[in-house]
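Before we start, here is the structure in question, set down as structure tokens.
The values are calculated or read from the model by the stated rules, or taken from the named source; none is laboratory data. Since the model is a prediction, treat every value here as computed from it, not as a measurement. Every residue, glycine as well, gets a Cβ built from its backbone with ideal geometry; the counts of neighbours run over all protein chains shown.
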Amino acid sequence: MTQRVEGERGDQSIEGLLLAGRTALITGAGSGIGRAAALKLARAGANICLLDLIDERTEDVEKEIRRMGREAEFYDVDVSDPGRMERAIRAAAERFGSLDVIFANAGINGTLAPIEDLTPEAWDQTLGINLRGTFLTVKNAIPHMKGSGGSIIITSSINGNRTFSGFGMAAYSSSKAGQVAFAKMAALELARYRIRVNAICPGGIETNIGESTKSTKQLDKIRIPVEYPEGSQPLEHKSGRPEQVADLVLFLASEQSSHITGTEIYIDGAETLL
Ligand code: NAD
């Protein structure tokens, strides 16, 4: 049961105090998991830097957070672009004074094709946004976190870690496996600065990720018919909601997870255990 305490802004839940006065930077903040996390972390007291491609959706998130009485700022970036990332993260750190929580979350499904048909350009696009984008987010945040520590959370996936039946997703799955290895390397390297680094691995979540999926007709060549038993998502019999993933992000962002670093956490309603 949620405990309630009397706070400055009236009756507030304990959750409302977890990130009071902290600043969180979120990539892919305009939609899906990033949007839900931005709203959740803001409700928990954080000011939020929203990074995404130019998009009305992100400005709507910015307005919603400001209506809550928190500070929010939208930075238009392509996470795979080193110059824009360096400038945006420096501007965010200067505007807010510190960066305490980083949620490296922006990602695309990209082109789904058999490996022999996948172009190097399509491979580079998926790896560029998902893996290089994660590297650039973390790299540029480190100078602004070293002084006081903090928490970095990376959105990986069940794909490439527990699931390999996403036919045509060789690039996507490789990027998602790479993110988990990167999180572990970073966790060890950054422990000396009291920066924790963890990866989350969601199963199917209802978001707009379909918009970034380019299927090709060659896919039929490599599909293996897989028949799942009734209820392939055993816990709730349906895809997860972005808000459920945001609850995990809040936990990892807060001191509630102070001894957790260098690990991947699955959030899939036992989907991958079947
Ligand atoms: P989404 O499409 O709803 O949100 C992704 C956001 O990333 C969008 O706002 C998009 O504009 C942004 N983005 C894409 N390319 C970008 C770029 N180059 N620079 C900056 N921003 C960019 O999808 P989502 O499901 O919320 O995806 C978030 C993360 O979750 C991704 O890393 C995805 O791989 C991962 N994931 C999603 C699922 C799922 O089922 N939805 C499952 C596992 C992992």
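Give, as residue ranges, the helices (runs of 4 or more DSSP H) completely inside the stretch 30-118 that count at least 3 residues that are modelled with pLDDT of 95 or more and within 9 Å of the ligand (Cβ to nearest atom).
Fully inside the stretch 30-118 and qualifying: 32-43.
Right, next: Is there any pair linking a residue in the stretch 181-208 that is at positive phi to one that is more than 8 Å from the ligand (Cβ to nearest atom) and small (Gly, Ala, Ser), with Cβ under 8 Å and at least six apart or on different chains, and which?
Arg194/Ser148; Arg194/Gly149; Arg194/Gly150
Only residues in the stretch 17-35 that are under 15 Å from Phe251 (Cβ atoms) and touching a residue at least 12 places away in the same chain (Cβ under 8 Å) count as the first member; pair them with residues that are assigned to a strand (DSSP E or B) and among the small types (Gly, Ala, Ser), Cβ under 7 angstrom, at least 6 apart or cross-chain, and list the lot.
Matching pairs, first to second residue: Leu17/Gly7.
For the stretch 177-200, state whether one or more residues are within 22 Å of the chain's Cα centre (by Cα) and farther than 25 Å from Ile142 by Cα.
no
Return yes when Asn140 is surrounded by 17 or more Cβ atoms within 10 Å (Cβ to Cβ) and near the ligand (Cβ under 10 Å from one of its atoms) and no when it is not.
no
Could you tell me whether the stretch 239-247 includes any residue that is in contact with a Phe, Trp or Tyr (Cβ under 9 Å, 6 or more places away or on another chain) and either crowded, with 17+ Cβ neighbours inside 10 Å or closer than 30 Å to Ile102 by Cβ (or both)? Break it down stepwise before answering.
First, pick out the residues of the stretch 239-247 that are in contact with a Phe, Trp or Tyr (Cβ under 9 Å, 6 or more places away or on another chain): none.
Checking the stretch 239-247: not a single residue is in contact with a Phe, Trp or Tyr (Cβ under 9 Å, 6 or more places away or on another chain) and either crowded, with 17+ Cβ neighbours inside 10 Å or closer than 30 Å to Ile102 by Cβ (or both).
Here's another thing I want to ask about it. Mind listing whichever residues of the stretch 226-274 are of a type outside the set (Phe, Trp, Tyr) and either touching a Cys at 6+ places or on another chain (Cβ under 8 Å) or at positive phi (or both)?
Gly231, His237, Gly262, Glu264, Ile265, Ile267, Asp268, Gly269, Ala270
In addition: For the stretch 25-61, which positions are over 23 Å from Gly150 (Cα atoms) and of a type in the set (D, E, K, R)?
Hits for the stretch 25-61 are Asp55, Glu56, Arg57, Glu59, Asp60.
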